[in-house]
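The values are calculated or read from the model by the stated rules, or taken from the named source; none is laboratory data. Just so it is clear, the model here is predicted, and its values are computed rather than measured. Glycine also receives a Cβ, built like all others from the backbone with ideal geometry; neighbour counts cover every protein chain displayed.
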Amino acid sequence: MDSFSNAMTQLETAAKAGGIPPEELSFLREPKRTIEVNYPVRMDDGKIKHFKGYRIQYNDVRGPAKGGIRFHPKVDLAEVKALSFWMTIKNAVIGIPYGGGKGGVAINPKQHSRAELERVSRGFIKAIHELIGPTKDIPAPDVYTDQQVMAWMLDEYEAITGEHLPGTITGKPISLGGSQGRAYSTAMGGAYVLKEAAELLDIDPLKATVAVQGFGNAGMHMARILSRWGYKVIAISDSTTGIYQEKGIDIERAAKHKQEKGTLRGLGGKEITNEELLTLKADILIPAALENQITKTNAKDIKATAIVELANGPTTPEADAILARNGITLIPDVLANAGGVAVSYFEWVQNNQGYYWEEQEVLDKLEQVMTRGFKDVHALVKELDVTYREAAYILAARRLMDAAAARGAR
Ligand code: GLU
């Protein structure tokens, strides 16, 4: 099953659990606008190579489209469609005034020089610039794109339009109007949500163990924050290997090792596979890599008490059912990883006002948004006796249905 079919199954399951008639949701089953481009980029050797890029503005009844741009060899239309749908749900769950969008370029960034990546980034904006902007669609980073990529993209956009419009792209460097705290906000938001869940589940941070799959922006910062909070992070992984250390991993050391060597290999401890990491005996499991990692094959072997999805779409619907049956609490992506887009929203607000906030102000507002999101979802979990994913979808669907109805679009 592709990710979009999985996403639609999640929507149907939630609608059923929440008593929403399926026909009420037909406006959420197809994207509003799909942009597919094929554009030329000059490689360092002088030859031209064409790249395929996508941007999907899935829904905009609640505000402009919003979501990241991913650089990954496996990017395709179905994946971007799923990711843009999840952004629509996510922005509604935390109640920020955005619709949902997502973009991607099919490329393996590890096989390109910085100069080539700059031209790939600029070329993509050149190809889609008419359709983005602070009131239309606002891109941000995602898998294998970072502040520097956002800086190139914004610079290209401003060069084309001849205006300073920093609110066109979020996740920028601070020097170009980025927000304090944005660099680690996805993880920080996840940590705030975990704090709420841990209290309900009687998980003591000073005694609990954690396994984190993925050591990119989300996973690395999450491992760092949680170990500072007293949690014992016993396993981490990247695309090359997993590392297990029973006594707990020194995350600062791991981050330094990864930065210097480009891999976690050789860090010390037992080297394990990504698959083994998922089924380790750890109290909290944090998938922070790619889609479809927790599946019907491994879900039954998962021993965690709680799963906090920092990745988008890491769990398939079949796995969801198994986890629920086994009493495992899963805090879904559309809530758990919403801290990234929450601070993107703050960044956009600051850009539009031309007035910038201190880091503590950003963090306080982030905690407020995430805690409120968690409480809203939790209230529905209790009221309707549904899973956290179902509750989040029901909450989002209601908000989206209201906005669509008010516009006469439903
Ligand atoms: N790519 C991130 C996500 O999946 C952030 C999106 C944004 O900041 O717009 O939520």
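Here are the numbers for the structure shown:
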read-out: Sole exception among (1) more than 16 Å from the ligand (Cβ to nearest atom); (2) in contact with a helix residue (DSSP H, G or I) (Cβ under 9 Å, 6 or more places away or on another chain) for Gly327, by number; value: (2)
read-out: For Glu23: the one exception among (1) part of a helix (DSSP H, G or I); (2) touching a residue at least 60 places away in the same chain (Cβ under 8 Å); (3) not aromatic (Phe, Trp, Tyr); value: (2)
read-out: Flag for Ala321 being over 18 Å from Gly190 (Cα atoms), small (Gly, Ala, Ser) and either part of a helix (DSSP H, G or I) or touching a helix residue (DSSP H, G or I) at 6+ places or on another chain (Cβ under 6 Å) (or both); value: yes
read-out: Members of region 174-190 found to be over 17 Å from His221 (Cβ atoms) and within 15 Å of the ligand (Cβ to nearest atom), listed by number; value: Gly177
read-out: In region 204-224, the residues that are aliphatic (A, V, I, L, M) and surrounded by fewer than 19 Cβ atoms within 10 Å (Cβ to Cβ); value: Leu206
read-out: Condition met for Ile302 (crowded, with 24+ Cβ neighbours inside 10 Å, hydrophobic (A, V, I, L, M, F, W, C) and farther than 21 Å from Val369 by Cα); value: no
read-out: So Thr241, is it at pLDDT 95 or above, closer than 19 Å to Lys110 by Cβ and touching an Asp or Glu at 6+ places or on another chain (Cβ under 6 Å); value: yes
read-out: Residue check, Ile236 of a type in the set (A, V, I, L, M, F, W, C), in contact with a helix residue (DSSP H, G or I) (Cβ under 6 Å, 6 or more places away or on another chain), crowded, with 17+ Cβ neighbours inside 10 Å and part of a strand (DSSP E or B); value: yes
read-out: Filtered residues of region 166-185 (kept if within 18 Å of Gly103 (Cα to Cα) and crowded, with 24+ Cβ neighbours inside 10 Å); value: Thr168, Ile169, Thr170, Gly171, Lys172
read-out: 3 or more residues under 13 Å from the mean Cα position of the chain (by Cα) and within 16 Å of the ligand (Cβ to nearest atom): qualifying helices (runs of 4 or more DSSP H) within region 76-173; value: 77-93
read-out: Residue count for region 364-386, restricted to those that are of a type outside the set (D, E, K, R), touching a residue at least 40 places away in the same chain (Cβ under 8 Å) and surrounded by fewer than 17 Cβ atoms within 10 Å (Cβ to Cβ); value: 2
read-out: Selection from region 340-355 of residues that are of a type outside the set (Asp, Glu), farther than 23 Å from Leu11 by Cβ and crowded, with 16+ Cβ neighbours inside 10 Å; value: Val343, Ser344, Tyr345, Phe346, Trp348, Val349, Gln350, Asn351
read-out: Residue within region 63-70 that is more than 12 Å from the ligand (Cβ to nearest atom), under 16 Å from Asp142 (Cβ atoms) and within 17 Å of the chain's Cα centre (by Cα) present; value: no
read-out: From Lys102, Lys126, residue being out of contact with any Lys or Arg (no Cβ under 7 Å at 6 or more places or on another chain), among the charged types (D, E, K, R) and either closer than 15 Å to Pro173 by Cβ or buried (at least 22 other Cβ atoms within 10 Å of the Cβ) (or both); value: Lys102
read-out: Filter result for Ile203 (closer than 30 Å to Ala282 by Cβ, outside any helix (DSSP H, G or I) and modelled with pLDDT of 95 or more); value: yes
read-out: Where Phe51 falls short, out of the listed (1) buried (at least 16 other Cβ atoms within 10 Å of the Cβ); (2) closer than 29 Å to Ala319 by Cα; (3) more than 23 Å from the chain's Cα centre (by Cα); value: (2)
read-out: Residues that are assigned to a helix (DSSP H, G or I), among the hydroxyl-bearing types (Ser, Thr, Tyr) and within 20 Å of Ala140 (Cα to Cα), drawn from region 344-374; value: Ser344, Tyr345
read-out: Breaking point among (1) closer than 28 Å to Asp364 by Cβ; (2) free of Cβ contacts under 8 Å to residues at least 40 places away in the same chain, for His129; value: (1)
